[in-house]
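Trainee: Please read through the structure below; I'll follow up with questions.
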Amino acid sequence: MTFRIAEGQATAPAPASPRAFRVKLPVEQAQAVARLTHALAAEGFGIVTRADLQATFREKLGLTYRPYLILGVCNPSLAHRALEADPEAGLHLPCPVTIEADPAGGTVVRIADPAAIGRRPPRTGGGRGARPARPGGGAPPHPRPDDRLLDRR
């Protein structure tokens, strides 16, 4: 997928990690949000959630933090197809996009790689109580919700 959020030609975000694409824009956050909103709309996506972490950290923790937004974006047609194929796909919806001020100037936009979101970790043991495989082995630090529901002491 390509988005025209940078000046000039359409830009495919560069892989930033195995989980996301990243693009740096030489504009302030508000202008980056406007560009991104327009580019997403052109691809059939809309913004359905918005979390302002700078404001939340200030209000709840008394911390000063750089401008950092997490937007939840959704393409209804793609979301419907994903949910029809696998109801657990809803755990990854809406698709997260972060927009943060870069201390060096400009704004960094990260978009989750849909292919990475769709990959599931291998399961071990089999059966209803199987847990995802973890590097180095061992159980997850917290029980899964269904483990608590099934505990009938």
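The values are calculated or read from the model by the stated rules, or taken from the named source; none is laboratory data. As the structure is a computational prediction, the values presented were derived from the model and not from experiment. In this analysis, Cβ positions are derived from the backbone assuming ideal geometry, glycine residues included, and neighbour counts consider all displayed protein chains.
Trainee: Among the listed residues GLU43, GLU59, which satisfies the condition of being farther than 22 Å from ALA104 by Cβ and modelled with pLDDT of 95 or more?
Mentor: Of GLU43, GLU59, the one residue that is farther than 22 Å from ALA104 by Cβ and modelled with pLDDT of 95 or more is GLU59.
Trainee: Given PRO94, PRO114, PRO76, which one is closer than 30 Å to VAL23 by Cβ and at pLDDT below 90?
Mentor: PRO114
Trainee: Also: Report those strands (runs of 3 or more DSSP E) wholly inside segment 38-117 carrying at least 2 residues which are touching a strand residue (DSSP E or B) at 6+ places or on another chain (Cβ under 6 Å) and exposed (fewer than 14 other Cβ atoms within 10 Å of the Cβ).
Mentor: By residue number, 46-52.
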